[in-house]
Structures are given as structure tokens and as C-alpha cells.
Amino acid sequence: MIIDEPEMNLHPIAQVKIIEFLTTLVNAGLHILITTHSTYVVDHLGNLLEAYKCEKKDEIVDLFLLEREDSFIDQKLVSVYEVTENGTIENILGQNGDINWQTFSDVTEYVQRVHFEL
């Protein structure tokens, strides 16, 4: 399944629910490719990757909107790539499951800096 920007026109809460639902489908064996510009989607995917590593999943499941442990996902089932400004494709999923999402952080810092200088 290929989904182009599943977050399109969705409230941030709905974006988080969508990524939880999609990881549930991946855990059920479906192969899914998504493209996104949403920090909510990528950041919450990082949460789901981290939750998978927790030993006491039953104690943290209520932190998640769908409250389903099968939304937690093993990084072996996930790939995260970024298309850079010069058109190259880089793997931004670290060995420990962290997503190096620096380009969005850079923009956020820039916008905040401009705001505080005004």
C-alpha cells in the first residue's frame, strides 16, 4: 500500500491516530510506504518505535490514542528516508531506532529565532 501524505488536511490528533493505525497494519503483515511532511507523524512513529522496546508495554499503552500494544513497532519493520535539498536519499533511522529529523528542527529553530527577534 502506498499513501502520499496521510496527514493531509487532518488535525494533529488524527495524524497521530493514523500513524498508530498504520503501524498496526504493518505489524499484521501489510507493507506500507508513506510520504510525509508532518512532524507529528514522524515524531509519533519515533514514540511507537521506542514503546516497542519497553519491557512493560501494558503499563504505557494508555499513553497512546488507540491504546493498542500492536501499534508499537519493531524498528526492523521500519525504514525512514529523507530526500535532501540536493536530491539525494538518506536513511535517517539510527541503529537505536532514533529518527534524525534535523531538517525540520532547523526550520523550527529558524522560525522561533525570527519570532523572538521581532
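At a glance:
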{"item": "Helices (runs of 4 or more DSSP H) contained in the range 5-109 and holding at least 2 residues among the hydroxyl-bearing types (S, T, Y), on the phi < 0 side of the Ramachandran plot and buried (at least 17 other Cβ atoms within 10 Å of the Cβ)", "result": "12-27, 39-53"}
{"item": "Where a residue in the range 21-36 is within 11 Å of I2 (Cα to Cα) and its partner, wherever it lies, is of a type in the set (D, E) and at pLDDT 95 or above, with Cβ under 6 Å and at least six apart", "result": "T35/D4; T35/E5"}
{"item": "Lone qualifier among V61, V26 - being of a type in the set (A, V, I, L, M, F, W, C), touching a helix residue (DSSP H, G or I) at 6+ places or on another chain (Cβ under 9 Å) and modelled with pLDDT under 95", "result": "V61"}
{"item": "Complete set of residues in the range 39-93 that are among the aliphatic types (A, V, I, L, M) and farther than 16 Å from K17 by Cβ", "result": "L49, I60, L77, V78, V80, V83, I89, I92, L93"}
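The values are calculated or read from the model by the stated rules, or taken from the named source; none is laboratory data. Owing to the predicted nature of the structure, the values given are computational and were not obtained by experimental measurement. Because the Cβ atoms are built from the backbone with ideal geometry, glycine has one as well, and the counts that use them run over all protein chains shown.
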